[in-house]
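Below: one structure, written as C-alpha coordinates.
The values are calculated or read from the model by the stated rules, or taken from the named source; none is laboratory data. All of these numbers come straight from a predicted model, not from anything done at the bench. A quick note on method: Cβ atoms are made from the backbone with ideal geometry, for glycine too, and the neighbour counts reach across all protein chains shown.
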(Lines give C-alpha, C1' and ligand atoms only; values in the text may rest on other atoms or scores of the structure.)
Protein backbone atom coordinates (compact mmCIF):
# COMPACT_ATOMS: atom_id res chain seq x y z
CA UNK A 1 0.00 0.00 0.00
CA UNK A 2 1.30 3.42 -0.87
CA UNK A 3 0.00 6.50 0.86
CA UNK A 4 1.44 9.86 -0.18
CA UNK A 5 0.68 13.14 1.54
CA UNK A 6 2.15 16.59 1.05
CA UNK A 7 1.73 19.20 3.73
CA UNK A 8 2.52 22.89 3.93
CA UNK A 9 6.14 22.35 4.99
CA UNK A 10 6.82 20.40 1.76
CA UNK A 11 7.27 17.15 3.61
CA UNK A 12 6.22 14.13 1.64
CA UNK A 13 5.27 10.95 3.45
CA UNK A 14 5.22 7.61 1.73
CA UNK A 15 4.03 4.56 3.58
CA UNK A 16 5.25 1.32 2.07
CA UNK A 17 4.19 -2.15 3.16
CA UNK A 18 7.34 -4.28 2.92
CA UNK A 19 7.28 -7.64 1.15
CA UNK A 20 5.52 -10.32 3.13
CA UNK A 21 4.47 -7.90 5.86
CA UNK A 22 1.09 -6.67 4.70
CA UNK A 23 0.16 -4.95 7.97
CA UNK A 24 3.42 -3.20 8.78
CA UNK A 25 4.14 0.10 7.11
CA UNK A 26 7.38 1.89 6.43
CA UNK A 27 7.11 5.61 6.85
CA UNK A 28 9.51 7.77 4.86
CA UNK A 29 9.46 11.57 4.92
CA UNK A 30 11.49 14.02 2.89
CA UNK A 31 12.65 17.38 4.15
CA UNK A 32 15.20 20.06 3.31
CA UNK A 33 18.22 19.72 5.55
CA UNK A 34 17.97 23.47 6.25
CA UNK A 35 14.54 23.07 7.89
CA UNK A 36 14.71 22.85 11.69
CA UNK A 37 14.98 19.28 12.99
CA UNK A 38 12.04 17.88 14.92
CA UNK A 39 11.84 14.94 17.26
CA UNK A 40 9.15 13.49 14.98
CA UNK A 41 11.69 13.24 12.10
CA UNK A 42 12.91 9.92 13.42
CA UNK A 43 16.15 8.81 11.79
CA UNK A 44 17.51 11.71 9.71
CA UNK A 45 19.35 10.47 6.61
CA UNK A 46 21.22 12.85 4.31
CA UNK A 47 21.01 11.50 0.75
CA UNK A 48 23.14 14.10 -1.04
CA UNK A 49 26.61 13.32 -2.29
CA UNK A 50 27.93 16.69 -1.08
CA UNK A 51 27.60 18.15 2.38
CA UNK A 52 25.07 21.05 2.42
CA UNK A 53 26.62 24.49 2.11
CA UNK A 54 26.84 26.50 5.28
CA UNK A 55 25.67 23.66 7.54
CA UNK A 56 27.76 22.38 10.39
CA UNK A 57 27.33 18.77 11.42
CA UNK A 58 25.86 19.94 14.72
CA UNK A 59 23.30 22.18 13.02
CA UNK A 60 22.24 19.58 10.46
CA UNK A 61 21.44 16.88 13.03
CA UNK A 62 22.15 14.12 10.49
CA UNK A 63 22.04 10.60 11.92
CA UNK A 64 23.30 8.90 8.77
CA UNK A 65 24.94 10.27 5.63
CA UNK A 66 24.11 7.81 2.88
CA UNK A 67 26.30 9.18 0.08
CA UNK A 68 26.06 5.92 -1.84
CA UNK A 69 22.40 6.57 -2.68
CA UNK A 70 23.03 10.06 -4.06
CA UNK A 71 22.98 10.63 -7.81
CA UNK A 72 26.39 10.22 -9.43
CA UNK A 73 28.47 13.36 -9.78
CA UNK A 74 28.06 13.29 -13.57
CA UNK A 75 24.25 12.98 -13.28
CA UNK A 76 24.11 15.75 -10.67
CA UNK A 77 26.14 18.06 -12.92
CA UNK A 78 24.04 17.16 -15.97
CA UNK A 79 20.73 17.79 -14.16
CA UNK A 80 21.94 21.07 -12.60
CA UNK A 81 18.51 21.44 -10.93
CA UNK A 82 16.93 22.41 -14.24
CA UNK A 83 13.23 21.47 -14.18
CA UNK A 84 13.19 20.92 -17.96
CA UNK A 85 15.62 18.01 -17.39
CA UNK A 86 13.52 16.42 -14.64
CA UNK A 87 12.12 13.55 -16.73
CA UNK A 88 15.59 12.64 -17.98
CA UNK A 89 16.96 12.90 -14.45
CA UNK A 90 14.28 10.52 -13.16
CA UNK A 91 15.10 7.95 -15.83
CA UNK A 92 18.86 8.12 -15.30
CA UNK A 93 18.68 8.19 -11.51
CA UNK A 94 16.26 5.22 -11.56
CA UNK A 95 18.90 3.22 -13.45
CA UNK A 96 21.53 4.19 -10.87
CA UNK A 97 19.22 3.20 -8.01
CA UNK A 98 18.33 -0.09 -9.66
CA UNK A 99 22.03 -0.92 -9.89
CA UNK A 100 22.47 -0.03 -6.21
CA UNK A 101 20.12 -2.58 -4.63
CA UNK A 102 22.30 -3.14 -1.56
CA UNK A 103 21.98 0.51 -0.52
CA UNK A 104 18.24 0.50 -1.24
CA UNK A 105 17.92 -2.57 1.00
CA UNK A 106 19.93 -0.81 3.73
CA UNK A 107 17.65 2.23 3.51
CA UNK A 108 14.50 0.12 3.70
CA UNK A 109 15.93 -1.85 6.63
CA UNK A 110 16.50 1.41 8.49
CA UNK A 111 12.96 2.52 7.63
CA UNK A 112 11.51 -0.73 8.95
CA UNK A 113 12.98 0.04 12.38
CA UNK A 114 11.78 3.64 12.73
CA UNK A 115 10.38 6.63 10.90
CA UNK A 116 12.87 7.83 8.33
CA UNK A 117 13.38 11.39 7.08
CA UNK A 118 15.40 11.76 3.90
CA UNK A 119 17.28 15.05 3.91
CA UNK A 120 18.26 16.95 0.78
CA UNK A 121 19.73 20.42 0.23
CA UNK A 122 18.23 21.49 -3.13
CA UNK A 123 16.14 24.67 -3.13
CA UNK A 124 13.59 23.16 -5.50
CA UNK A 125 11.25 21.09 -3.35
CA UNK A 126 9.62 19.37 -6.34
CA UNK A 127 12.63 18.46 -8.52
CA UNK A 128 15.34 16.88 -6.37
CA UNK A 129 16.91 13.53 -5.59
CA UNK A 130 14.75 12.94 -2.50
CA UNK A 131 11.53 13.25 -4.50
CA UNK A 132 13.02 11.00 -7.18
CA UNK A 133 14.10 8.42 -4.58
CA UNK A 134 10.68 8.32 -2.93
CA UNK A 135 9.05 7.93 -6.36
CA UNK A 136 11.45 5.06 -7.11
CA UNK A 137 10.62 3.33 -3.80
CA UNK A 138 6.88 3.78 -4.37
CA UNK A 139 7.10 2.38 -7.92
CA UNK A 140 9.19 -0.53 -6.67
CA UNK A 141 6.56 -1.26 -4.04
CA UNK A 142 3.75 -1.19 -6.63
CA UNK A 143 5.67 -3.71 -8.79
CA UNK A 144 6.30 -5.92 -5.75
CA UNK A 145 2.63 -5.82 -4.78
CA UNK A 146 1.49 -6.75 -8.30
CA UNK A 147 3.93 -9.66 -8.32
CA UNK A 148 2.51 -11.22 -5.14
Based on this model, can you work out whether residue 47 counts as under 15 Å from the mean Cα position of the chain (by Cα) and closer than 13 Å to residue 130 by Cβ?
yes
Quick one: which residue in 53, 24 is at pLDDT 85 or above, farther than 18 Å from residue 134 by Cβ, over 17 Å from the mean Cα position of the chain (by Cα) and assigned to a loop (DSSP other than H, G, I, E, B)?
53
Those residues of region 103-113 which are surrounded by fewer than 12 Cβ atoms within 10 Å (Cβ to Cβ) and within 15 Å of the chain's Cα centre (by Cα) amount to 105, 109
Answer yes or no as to whether residue 90 is surrounded by 15 or more Cβ atoms within 10 Å (Cβ to Cβ), under 23 Å from residue 26 (Cβ atoms) and in contact (Cβ under 8 Å) with a residue 60 or more places away in the chain.
no
Considering only region 127-148, state which residues are closer than 22 Å to residue 55 by Cβ and either at pLDDT below 85 or in contact with a helix residue (DSSP H, G or I) (Cβ under 8 Å, 6 or more places away or on another chain) (or both).
127, 129, 132, 133
Check off (1) touching a strand residue (DSSP E or B) at 6+ places or on another chain (Cβ under 7 Å); (2) surrounded by fewer than 18 Cβ atoms within 10 Å (Cβ to Cβ) for residue 30 and give me the number that stays unchecked.
(2)
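Would you be able to say whether some residue in region 60-72 is surrounded by fewer than 12 Cβ atoms within 10 Å (Cβ to Cβ) and either free of Cβ contacts under 8 Å to residues at least 12 places away in the same chain or not in a loop (DSSP other than H, G, I, E, B) (or both)?
No, every residue in region 60-72 fails to be surrounded by fewer than 12 Cβ atoms within 10 Å (Cβ to Cβ) and either free of Cβ contacts under 8 Å to residues at least 12 places away in the same chain or not in a loop (DSSP other than H, G, I, E, B) (or both).
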In region 86-122, the residues that are modelled with pLDDT of 95 or more, under 23 Å from residue 51 (Cα atoms) and out of contact with any strand residue (DSSP E or B) (no Cβ under 6 Å at 6 or more places or on another chain)
86, 89, 90, 92, 93, 94, 96, 97, 120, 121, 122
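Mind checking whether some residue in region 63-70 is under 16 Å from residue 140 (Cβ atoms) and at pLDDT 85 or above? Working first, answer last.
Narrowing region 63-70 to residues under 16 Å from residue 140 (Cβ atoms): 69.
Going one step further and asking which of them are at pLDDT 85 or above, we end up with 69.
Yes: region 63-70 contains one or more residues that are under 16 Å from residue 140 (Cβ atoms) and at pLDDT 85 or above.
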Selected residue (only one of 58, 80 is farther than 15 Å from residue 138 by Cα and at pLDDT 95 or above):
80
Residues of region 88-142 being over 21 Å from residue 38 (Cβ atoms) and in a loop (DSSP other than H, G, I, E, B), in sequence order, are 99, 100, 124, 126, 127
